[in-house]
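Chemist: Dropping the structure in here first, questions after.
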Amino acid sequence: MTRPVFIDQQAISNEMWEMAMQWVSANRKLIRQIASPYRRFMVAENADLFQEATIAAFKALLAARKKEKPEQFVPFFRVIFKTNCIKLASGIQTEHCLEVHNLPGPGRSEEQEDYENSEAVGKALETVSKRQREICIWLLEQPEPASTPDLAEEFNISRRHACRLISNSIKRIAGVL
């Protein structure tokens with residue numbers, strides 16, 4: 001009796017994840033070296049960096065297996081991981097102290113300026129998705145600047161995802177204002 005194909009694929013997938021994790025743990029120095037030009041601009045901690053490296057290693061294993069060129073694993077990994085680093089670096093610039101991730105809060109001004117600003121904010125928020133709008137409004141309603149961990153906790157998402165949402169919102173809004 002043969003097993004279904006999806007069980008075999010799942011076993012192969014699990015095996016490849018294990019191989020990717022082992023390779024990443026054995027090559028931490030190479031990973032830091034590849035990420036070093038982008039590191040100070042990344043919205044990521046060391047754990048996030050190594051998670052991205054594991055994902056890149058998994059994708060590189062898949063690509064090497066698909067193309068039947070196992071000797072090309074490292075070049076595939078370098079390209080995939082460097083691309084991921086560039087994506088991480090295109091977000092909000094992180095602070096050097098990883099404990100404090102303050103996001104800009106609302107400025108206090110006179111009532112008329114608030115009214116004019118609220119119209120501009122309303123118009124700008126029309127360009128973002130419903131989820132991004134919800135997050136932006138929550139940030140604007142905070143009496144003090146909120147941190148990314150606060151944002152992540154409030155919306156039950158990871159800090160990385162919170163940073164990406166904010167980054168994408170800022171990019172969309174910047175196109176309008």
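Chemist: Which net charge results for the neighbourhood of residue 48, defined as the other residues with beta-carbon distances under 9 angstrom from its beta-carbon, given Lys and Arg at +1 and Asp and Glu at -1?
Modeler: 0
Chemist: Here's something else I'd like to know. Any idea what the dipole of the range 111-176 comes to, in debye rounded to 20, about its Cα centre with Lys/Arg Cβ at +1 and Asp/Glu Cβ at -1?
Modeler: For this selection, approximately 720 debye.
Chemist: Going by a ≥ b ≥ c, the root eigenvalues of the Cα gyration tensor, does the range 122-177 fall in the rounded group (a/c under 1.5), the prolate group (a/b larger than b/c) or the oblate group?
Modeler: prolate
Chemist: Between residue 90 and residue 14, how high is the FRET efficiency from 1/(1 + (r/R0)^6) when r is the Cβ-Cβ distance and R₀ = 22 Å? Nearest 0.05.
Modeler: Between residue 90 and residue 14 the formula returns 0.10.
Chemist: Let me ask another. Taking a ≥ b ≥ c as the square roots of the eigenvalues of the Cα gyration tensor of the range 15-59, is the shape rounded (a/c under 1.5), prolate (a/b larger than b/c) or oblate?
Modeler: It comes out prolate by the Cα gyration axes.
Chemist: Taking the Cα-to-Cβ direction at residue 30 and at residue 138 and moving 7 Å from each Cα, how far apart do the two end points lie in nm?
Modeler: Distance between label points: 4.0 nm.
Chemist: Next up: Please label the shape of the range 5-89 as rounded, prolate or oblate, based on the square roots a ≥ b ≥ c of the eigenvalues of the alpha-carbon gyration tensor (a/c under 1.5 means rounded; beyond that, a/b larger than b/c means prolate, else oblate).
Modeler: Cα axes put the range 5-89 in the prolate bin.
Chemist: Give me the one-decimal nm value for the distance between modelled label points at residue 171 and residue 69, 7 Å along each residue's Cα-to-Cβ direction.
Modeler: Result for the modelled spin labels: 2.9 nm.
Readers should treat all values here as calculations from the given coordinates under stated rules, not as data from a laboratory. Predicted model only: the values in this text are computed from it and were never measured. Virtual Cβ from ideal backbone geometry, glycine too; neighbours counted across all protein chains shown.
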